[in-house]
Amino acid sequence: MDNGITSRQNPNSQETVILVAVDFSDCSRLALRKAQLLFGEKPVRIIALHVIDHDFIAACLRHDIAAEGHLTKQLVMNAKNRLKTFLKEEAREGTNIEPVICEGIPYMEINRKAVHYNAEMIIMGSCGMACDPNAIFFGGTTEKVLRFISRPILCMPPEKI
């Protein structure tokens, strides 16, 4: 589900594509900043990808929080607004950043979009949802992306306080 904010890359294009996974955490802010710092002067397109977690939607539906269509619509609208604000705060002037929102299992969608856009690199935070109890036992999204992708990944750790 790509809710109208994506565009397909031109396969004949020579531009470098970098995918930055955005979950609105401080680590994902660092990831976007690093992408701009490393690639900002080159002809590069940065895909700022936010994945609406399918498991979160399923949990909301199990608890009758909202009807599926209404819930998904609200989550997409919220994600669009948050991503727009996030990019407004973090994007450097003149940087080619394309916001992309999709629904699915985050690590799978990050991998799919990296292939779809032929991204040369994925940049993501190393700990977005640090309080996720599943990450303690099964690894977080970043670890799962690392297991299943054949592209370079730059993981940004949290800033020291």
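We did not get these values from a lab; they are worked out from the coordinates using the rules stated. Just so we're clear, the structure is a prediction, and the values are computed from it rather than from any experiment. Cβ: placed from backbone, ideal geometry, glycine included. Neighbour counts: every protein chain shown.
If you check 44, 51 for being within 19 Å of residue 24 (Cα to Cα) and of a type in the set (A, V, I, L, M), only one passes: 51. Quick check on segment 118-134. Is at least one of its residues among the charged types (D, E, K, R), at negative phi and over 18 Å from the mean Cα position of the chain (by Cα)? No, every residue in segment 118-134 fails to be among the charged types (D, E, K, R), at negative phi and over 18 Å from the mean Cα position of the chain (by Cα). When the residues of segment 79-108 are filtered to those that are in contact (Cβ under 8 Å) with a residue 12 or more places away in the chain and of a type in the set (S, T, N, Q), the one that is nearest to residue 68 (Cα to Cα) is 96. Going through segment 91-122 one residue at a time, which ones are closer than 10 Å to residue 49 by Cα and acidic (Asp, Glu)? Selection gives 98, 109.
Filtered by the rule that a residue be aliphatic (A, V, I, L, M) and within 15 Å of the chain's Cα centre (by Cα), segment 76-88 gives 76, 79, 83, 87. Inspect all residues belonging to segment 52-67 and state whether any of them is of a type outside the set (A, V, I, L, M), crowded, with 19+ Cβ neighbours inside 10 Å and under 17 Å from the mean Cα position of the chain (by Cα). No.
Within segment 45-66, can one find any residue that is at positive phi and touching a Phe, Trp or Tyr at 6+ places or on another chain (Cβ under 9 Å)? No, because not a single residue in segment 45-66 is at positive phi and touching a Phe, Trp or Tyr at 6+ places or on another chain (Cβ under 9 Å). Every condition in (1) closer than 30 Å to residue 95 by Cα; (2) surrounded by fewer than 19 Cβ atoms within 10 Å (Cβ to Cβ); (3) of a type in the set (Val, Ile, Thr) holds for residue 17 except the one numbered (2). For the residues 109, 90, the requirement of being under 24 Å from residue 17 (Cβ atoms) and either among the hydroxyl-bearing types (Ser, Thr, Tyr) or out of contact with any strand residue (DSSP E or B) (no Cβ under 8 Å at 6 or more places or on another chain) (or both) singles out 90.
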